[in-house]
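> Handing you a structure now.
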Amino acid sequence: MAISRLFDISRRSMITYQRAMDVTSHNIANAGNEDYSRQRANLSTELTEKFAGITWGAGIKMDDIERIRNSLTESQIISNNQSYSFNERQAVLLGGVESTLSEPSELGISNLLGKFFNSWSELSTNPTSSALRGNVIYAAQNLAEKVKSINDDFTTIKSNIYNEFGDKIRDVNNHLQEIQSINRQIAEVGAIGNNANDLLDVRDKLINELSNLVNITVHYDSDNTASISIGGVFAVNSASSTEFEMNHTDGNLSMVSKTGGNVVALNSGELGALTNIFSNKIPEYQNKLDAVIGQLVTSVNGIHTNGFTLDDPPQTAYDFFSGYINGELKIADEILADRNKIAVSGDGTNGNGDLAIQIFELNDAKILNGSTLRDEYFSFVSQIGSDKQNADRSVEASGIVLSQLENQRASFSAVSVDEEMLDVIRFQKAYSASAKLIQMANEMLDTLINIV
Amino acid sequence: MRISDLMLQNNFLSSLNSTKARMEKLQTQVASNNKLNAPSDSPTGVAKVMRFENSISQANNFIGNIQYSLAFVNESISGLDFIQNEATKILVNLTQVKNAVNNENLDTFADQIDSSLNIILEAANKEFNGQYLFAGTDDSTMPYGYTADQSAIELKVGDVSGERNVKISKNITQKINITGSELFGSIDGTDIFNKLIEIRDNLRNGVKPSDADVKVVEDFSKNVLNKLSDMGNISNKLYDVEEVIKNQILTLENLVAKEKEVDVAAAVMELQNQDYILQLSYKMSSMILPRSLLDYL
């Protein structure tokens, strides 16, 4: 057995530990990088050699550099990202919707509607009073302004959602293009036998970001590339990516592929939240508010039209509201121009306020779906409050799950500086020992040479 | 379990965030003394508060109506009192005029009856806040007055039978006026005004009033007394309902306070507790996060 083998084994050992140190230093360098998955140098014994009937060990070698990743946790994170960002975006948007109501406060419709009815009750005490007639008009105007402000705010929120929806789709398209490009690089690097660990980190980061935007399904192919579909529509693989665009028909927002027009079934992610609030929630809220205000107009006019004005001679068949059109509650122009046109007399005498009492009594009348207007409005407010509260609770719950999953990922894949430093010490000592071995082998050779 | 540096950072960040979120909520509650700042704070609580506040607003409106009605009723009572006093005076005069010793003074009695008639007419046209008390619901013009030739009294408006109804509670719509028809009947010559004119004129002509004439005045006086009693009853009812509604308001205000108001002492204690937790988290993170094996090599 030649002394030179000692050199071979030690040299191989030094190279191996140097490479292992490279991996460790790469890990330490990325200790602050949240998207980095730690890497591990897998070491094993070199293939043995048989010589003179004896099997000799040949030292150590590095098999590969492994990227430490738990695929189950990763896929759970992708799935929970979608529901977390869906709930979070919904909670923010519903918070905006909720704040438009100004409830509970004196500025809300609840109080203004009460004041509107109360003004009629007050008018009934002295129907000829110009001041009390003015009060009825002011109360109606205040109510109309709040109704308009809520409807305007709904429109503004929808318009913001519309713009954001378009921006986010562009964001999705950018992500898909980047993922396709990285997929291709991963395949190319893999094909020539190189390690694509860092590219995989970048690709996974993009997939995570994409899962915040839309509901995705990810499949990993044997060459480590990812194939992704969004809401049942193919989105990207290593060969191509789909470009999506916004579609707005019949009050509904949707995401469709530019070629083929395939509609994405958006049910989570930020885009899922945007379309849900735009296409379902706000129209539902608007319908409820419209029902309350529409019924108010019908019922008040139904009574008012039978009343007599304060004119001489008294006139009848006047509506109080000219209508509720495009979110605007409008008071009849004749009444705005002449408060004597408020018709509350039931018999034509100017001191009779029977119809004012009847209009006031609408406050407690079950005239909409078997409930009072007030109760229907309260249930509308409660619904928005409950939706927001549910979204908040879902954010909290999915946030806890996501945070646990991220902890699992961090536990598995993130860098521990302590652990890396121990590896540094271990590899450094092995490296030093190998160097020492070369020194000793050198001394042995010197001894042999000096004998000669 | 393997503990990476990222895990430690995430855990600290998450605990700091949740402590701060709790503090933010408590601070808002303490600052506003209101735990219901948005429907999502408690959807059912907010619905309750809106319902209670609506009822309070409605009840305050009823109180306003009652106070207006009481003023109207008190004015009506004062008007009826005038009328009743004059009716009594007339009855005394009619009794005295029957006495033969007054045969020479019939003109004086006629003057006194004329004076009472005008006072009754004045009271019949009494007005409160632009509303004629005894004109039904027709406030367009003074309801009673002399004919052009001053020989009789006539109705100046079409109808004085209208009832003034006011909503004084959810379930009570109260009539608050004594209509002209109820008080004076039809102004057709047989009414109190024209009867008094007839008696006055007869006295001036030396004719004493008949028993039938006296009976008309007696019946009128009785009717006024009855109406005064009715007004008294309405006034009592208004006071009673006002008392009930004021109690309702107190109860409702208590209910609103229960739903809305923050237990400040408990909230401040909790705030201090959260502040303590926050400081502890900062201390722990500053002690542990910067350390690693490197510090000991």
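The values are calculated or read from the model by the stated rules, or taken from the named source; none is laboratory data. Treat the numbers as computed from the prediction; the structure is a model and nothing was measured. Glycine gets a Cβ as well: all are built from the backbone with ideal geometry, and neighbour counts include every protein chain shown. The area values use the complete protein model at the heavy-atom level, side chains included, leaving out ligands, DNA and RNA. Shrake-Rupley method; radii C 1.70, N 1.55, O 1.52, S 1.80 Å.
> So if R0 is 41 Å, what FRET efficiency would A:Asp250 and B:Gln27 give, r being the distance between their Cβ atoms, rounded to the nearest 0.05?
Values: r = 45 Å, r/R0 = 1.10.
With a Förster radius of 41 Å, E is 0.35.
> For the stretch B:234-297, I need the span (max minus min coordinate) of the C-alpha atoms along each principal axis, in Å, sorted largest to smallest.
97, 13, 8
> Enter the Cα centre distance for the pair the stretch B:255-297 and the stretch A:4-34, rounded to the nearest angstrom.
Cα centroid of the stretch B:255-297 versus Cα centroid of the stretch A:4-34: 45 Å apart.
> Now for a different question. Report the convex hull volume per residue for chain B, counting only C-alpha atoms, in Å³. Can you show the working numbers first?
Values: hull volume 51.3 nm³, N = 297.
About 173 Å³ per residue, rounded to a whole number.
> Let me confirm one metric for peptide A:350-362, namely the mean number of other chain beta-carbon atoms within 10 Å of its residues' beta-carbons.
Mean shielding by partner chains, rounded to a whole number: 4.
> So, one more: Please report the spacing between the Cα centers of the stretch B:210-231 and the stretch B:46-61 in Å, no decimals.
The two parts, judged by their Cα centres, are 47 Å apart.
> If I take R0 = 30 Å and measure r between the Cβ atoms of A:Gln141 and A:Asn306 in this structure, what FRET efficiency does the formula 1/(1 + (r/R0)^6) give, to the nearest 0.05?
My answer for the efficiency is 0.80.
> Hey, got the dipole for chain A? About the Cα centre, +1 on K and R Cβ, -1 on D and E Cβ, debye to the nearest 20? Display every interim value, and only then the final one.
On the way: 35 positive and 58 negative charges, 286 e Å.
Result for chain A is approximately 1380 debye, rounded to the nearest 20.
> Based on the Cα gyration tensor of the stretch A:294-439, what are the three equivalent ellipsoid semi-axes, each the root of five times an eigenvalue, rounded to whole Å and given largest first? Intermediate results must be reported in sequence, preceding the final value.
Numbers: eigenvalues 1339, 49, 16 Å².
Value: 82, 16, 9 Å, ordered largest first.
> On to the next question. Considering all projection directions equally, how large on average is the shadow of the alpha-carbon convex hull of the stretch A:34-108, in square nanometres?
Working: hull surface 32.8 nm².
The directionally averaged projection comes out at 8.2 nm².
> How high is the relative contact order of chain B, in percent, counting Cα pairs under 8 Å that sit 6 or more residues apart?
Contact order relative to length: 29 percent.
> As a test of the definition: with a 1.4 Å probe, what buried accessible area, both sides summed, do you compute for A against B, in Å² to the nearest 100?
In total, this chain pair buries about 4100 Å².
> Straight-line reach only, C-alpha to C-alpha below 18 angstrom: list the aspartates and glutamates that A:Lys436 could link to, leaving out same-chain residues fewer than 8 apart.
Within the straight-line limit of under 18 Å, A:Lys436 reaches these aspartates and glutamates: A:Asp8, A:Asp446.
> Also: Which of the GluC sites (Glu not before Pro) found in the stretch A:71-177 are loop residues per DSSP with 14 or fewer other Cβ atoms within 10 Å of their Cβ?
Counting only loop positions with at most 14 other Cβ atoms within 10 Å, the GluC sites (Glu not before Pro) in the stretch A:71-177 are A:Glu106.
> Suppose all protein chains stay in the model; what accessible area per residue would a 1.4 Å probe give for the stretch A:360-405, in Å²? Spell out each step's value before the answer.
On the way: 1870 Å² over 46 residues.
On a per-residue basis, the stretch A:360-405 sits at 41 Å².
> Something else: Using unit Cβ charges (K, R positive; D, E negative) and no other charged atoms, how large, in debye to the nearest 20, is the dipole of the stretch A:92-214 about its Cα centre? If you can, show how the numbers build up before the last one.
On the way: 10 positive and 16 negative charges, 102 e Å.
It works out to roughly 500 debye.
> Follow-up. Compute the angle between helix A:4-29 and the longest alpha-carbon principal axis of chain A, please, reported from 0 to 90 degrees and rounded to the nearest 10.
The two axes meet at around 10 degrees.
> Whole Å is fine, so just give me how far the alpha carbon centre of the stretch A:302-335 lies from that of the stretch A:238-292.
The stretch A:302-335 and the stretch A:238-292 have Cα centres separated by 41 Å.
> If the cut-off is a Cα-Cα distance under 22 Å, which lysines reach A:Lys205, setting aside same-chain residues fewer than 8 apart in sequence?
A:Lys168
> So for the stretch B:112-205, if I pair up every lysine 8 or more residues apart or on another chain, how many of those pairs have alpha-carbons under 19 Å apart?
4
> Leaving out same-chain residues fewer than 8 places away, which lysines sit with a Cα under 24 Å from that of B:Lys283?
B:Lys20, B:Lys25
> For the Cα atoms of chain B, what angle does the longest principal axis make with the long axis of helix B:5-32, in degrees from 0 to 90, nearest 10?
Computed tilt is about 20 degrees.
> Also, I was wondering about something else. Once you keep just the Cα pairs under 8 angstrom separated by 6 or more residues, what percentage relative contact order results for the stretch A:258-401?
This gives 19 percent for the stretch A:258-401.
> If you roll a 1.4 Å probe over the stretch B:123-279 with all protein chains in place, what percent of the accessible area is carbon or sulfur?
Answer for the stretch B:123-279: carbon and sulfur cover 49 percent of the accessible area.
> So which residues in the stretch B:12-58 end up with at least 30 square angstrom less accessible surface once the other protein chains are there, compared with the chain by itself, probe 1.4 angstrom?
B:Pro39, B:Ser40, B:Pro43, B:Met50, B:Arg51, B:Asn54, B:Ser57, B:Gln58
> Could you list the residues of the stretch B:9-29 with an amide nitrogen less than 17 Å from a label point located 7 Å from the Cα of B:Leu289 in the Cα-to-C-beta direction?
Flagged as within label range: B:9-21.
> Using Cα atoms only, what is the angle between the long axis of helix B:43-98 and the major principal axis of chain B, expressed in degrees (0 to 90) to the nearest 10?
Helix B:43-98 and the main axis of chain B meet at about 20 degrees.
> Tell me, what HN-Hα J-couplings in whole Hz come from the Karplus equation 6.51 cos²θ - 1.76 cosθ + 1.60 at θ = phi - 60° for each residue of the stretch B:238-253, using x for Gly and Pro?
Karplus-based 3J(HN,Hα) across the stretch B:238-253 equals 4, 4, 4, 5, 4, 4, 4, 5, 4, 5, 4, 4, 4, 4, 5, 5 Hz.
> Then there is this: Share of the stretch A:314-393's accessible area from carbon and sulfur, percent, 1.4 Å? Display every interim value, and only then the final one.
Working: 1280 of 3170 Å².
The C+S portion of the solvent-accessible surface of the stretch A:314-393 is 40 percent.
> Sticking with this structure for a sec: When only Cα pairs under 8 Å and 6 or more residues apart are kept, what is the percent relative contact order across chain A?
Answer for chain A is 24 percent.
> Taking all pairs of different Cα atoms in the protein assembly as shown, averaging 1/r and flipping that mean, what Kirkwood radius in angstroms comes out?
Roughly 34.7 Å, rounded to one decimal.
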